Amino acid sequence: MFNQPREGLFPTWLLWVIGPVTVLAAALIIFAVVLGIRAGQRQIETQRRQEVGIALQRAADYQREGRLQDAAAEYQRVLMLEPGNETATAGIQAIVNQVGSGTVVAADPVTGTTPGGATPVAGAVIAPTAGATASAETQTLYEQARAVYGTGQWEEAVTLLLQLQQQAPEFQRSQVEEMLYNAYVNLAAAADQVDDLELAIEYVDKALALRPSSSALQAARAIAANYVEGLHQEGADWGRAVELFEAVFAQDPNYRDVATRLPTARLAYGDQLALAKEWCKAEEQYTLAIEVSVPPGSIARRDDFQTRCAQLMALRGGTPVPTSTRMAAAVGTATVTPTPNPTSSLATTVDSNVTPDALSAEGAEITTTVEAPAAEEVVPDTVAAGPVSGRLLYSALDPFGGQSNIYLQAVSAPKPDILFMGGTQPSFRPDAQRVAFRNLHDDSRGISSLDPATGLKLRFTTFSEDSFPSWNGLGNLVAFASNREGDRRWRLYVIWADVNNEATAVGFGQYPDWHPSEDRFAYQGCDDSGNGCGIRSMNGSGGDSRGITSVAADMQPDWASSGQFLAFTSEARDGNPEIYRVDVATGQVTRLTESGGIDAAPAVSPDGAWVAFLSNRSGAWAIWAVPSSGGEAQQLFALEGNVSVWQDFEMQWIN
């Protein structure tokens, strides 16, 4: 038994399979190693070429600034990386010729300068500077700075290098300045990565102070500064915002989200020009915006502006106005009578008393009148006695200064009170003692709050993009929307209503409006899969998302105090921005307004009987109200100021 031959552990056929597979695996491993070595060599070569290019650029910058020793040091670095580099050799020879001698110019052992005060230079060799006689404290500080710098701790490196400069200004000057320059550039890049462009610009300015001739840094600073200033001008001066975003787009069309912000700014500026009856300029802005994207209703408005522009030009030139589907000139008279235009927000007529000669004067306007409603529909200056009462909180552009101010106006009052200058999108806390708003002041960008009774101001967030604040029923949390992140997507955040707190992102969407008594808010957005878009609601932690409406363009929700229904705006349901209400329990949607103008930004009255809204149906921006169950709309009052972008307008109705 024990003398019988023992069978192998594996059958013969399996050995025949394992053998070739093992050989193939070994070959693949060897091949991968070879590829890795070659890839590493290519990476090293690419890095070396980049370092050569950077050193040559620095040498050229130093040479233009007259810092010949620093330039020569950079040329030497190039020759160490790439012996025989013709540009570096020629640069050193040029420095030698500039000095007028091919020998080393000795530097003073303390100050590092020549006896005549010139920067020490050399031909093939750079004379040492003050390092040899530096104090032990200076040398130790220098080594500490180099160590921190080598680990990428840029802020600590800057602190040590500045301390070194103050202690020994000429000690290893070129090396210290080079490390400072690189640290500032890296700090700028880090700030840019977290979208703090203002801080990034500060660091770039410090780097430019060391190398003012760096064309690359100058270009980077210009585009960032224009973009930041453009953000600041949004809602304050749309014309200026367009100019700034144009400059950014011309320099780099792919810079951040400028390709989206520029057409949006053009549309807003076009609306602003149209309200001033600058039809031709409004048409131009709309045309340029539509070349990039076509928001709903934009083509109809552009066509309306185009027709009015053509009419104005014809009158100025003394020629007949061409007949169109919307405007027809009566034979033998200068009067133009428009036909009904259900999609136009500017259905006006040209006064027959205006002559072509009068219109040819610079700055002359066409006098317009609004098509009169039927006798029973005549709108009074204020709402007649009835259920309409309370106060409306809103913001508008100052007609004189152009800045956005926050106003509080009683429904029956002819004029508002100014609560805050330089803010927009206000929202009162439930007790009406504190108002949160989007702060537009340069030193306080973000979500702030104000106590009107005491003047106390708090700053909740520090990002200029933070918008549309809304209080919860307890008054201790604020929800808001922002596209502060690098992908520029609109997210919803919740923050404790106190200073120095971090906001928590709870989902994607816009226009949060907190339920009056429950821990959930309505918003415009989609479900987690990107479907079910429209008005939705979620709890304050971002969970329990529920759909309320099913049209993606539904926006600007506002809860009734009972929580039973919401009023909202939609420009997709009937081809024009109109006001609707939705019953939360049944999902039934009721249309409340129907006009050729823009009806937007609803605010439900405290008793739920009325819905106020922004409208330009009369040719100018005003606040109107309509019964929440449907009926005739009434104008409450004309706005004290102007509105640039109706999508950014927020209003609240309080007692």
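Readers should treat all values here as calculations from the given coordinates under stated rules, not as data from a laboratory. This one's a predicted model, so the numbers in the text were calculated from it and none came from an experiment. Note that each Cβ is placed from the backbone with ideal geometry, even for glycine, and that neighbours are counted across all protein chains shown.
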> Once the other residues with Cβ under 13 Å from the Cβ of Asp451 are scored (Lys, Arg +1; Asp, Glu -1), what is the net sum?
Replying inline: +2
> Applying 1/(1 + (r/R0)^6) with R0 = 45 Å to the Cβ-Cβ distance of Thr504 and Ser213, what FRET efficiency is obtained, to the nearest 0.05?
Replying inline: 0.50
>> How much of the pair distance distribution for the stretch 479-549 lies past 16 Å, counting alpha-carbon pairs only, in percent?
In response: 44 percent
>> In whole Å, what are the extents of the stretch 530-571 along the principal axes defined by its C-alpha atoms, from largest to smallest?
In response: 29, 29, 13
> Given the C-alpha centroids of the stretch 158-199 and the stretch 606-645, what is the distance between them in whole angstrom?
Replying inline: 56 Å
> To two decimal places, what compactness ratio does the stretch 537-655 give when its Cα radius of gyration is scaled by 2.2 N^0.38 Å?
Replying inline: 1.03
> Can you work out the FRET efficiency for the pair Ala453 and Arg546, with r the C-beta to C-beta distance and R0 = 41 Å, to the nearest 0.05?
Replying inline: 0.65
> Excluding Asn501 itself, what net charge comes from residues whose Cβ is under 14 Å from its Cβ, given Lys and Arg +1 and Asp and Glu -1?
Replying inline: -2
> Taking 0.36 nm per residue of separation and subtracting the Cα-Cα distance, what length does fully extending Ser562 through Glu485 add?
Replying inline: 24.2 nm
>> With a cut-off of 8 Å between alpha carbons and a minimum separation of six or more residues, what is the relative contact order of the stretch 396-507 in percent?
In response: 15 percent
>> Within 11 Å, Cβ to Cβ, of Asp61, how many net charges do the neighbouring residues add up to if Lys/Arg are +1 and Asp/Glu are -1?
In response: +1
> Semi-axes of the equivalent ellipsoid of the stretch 455-583: what are they in whole Å, largest first, if each equals the square root of 5 times a C-alpha gyration tensor eigenvalue?
Replying inline: 24, 17, 14
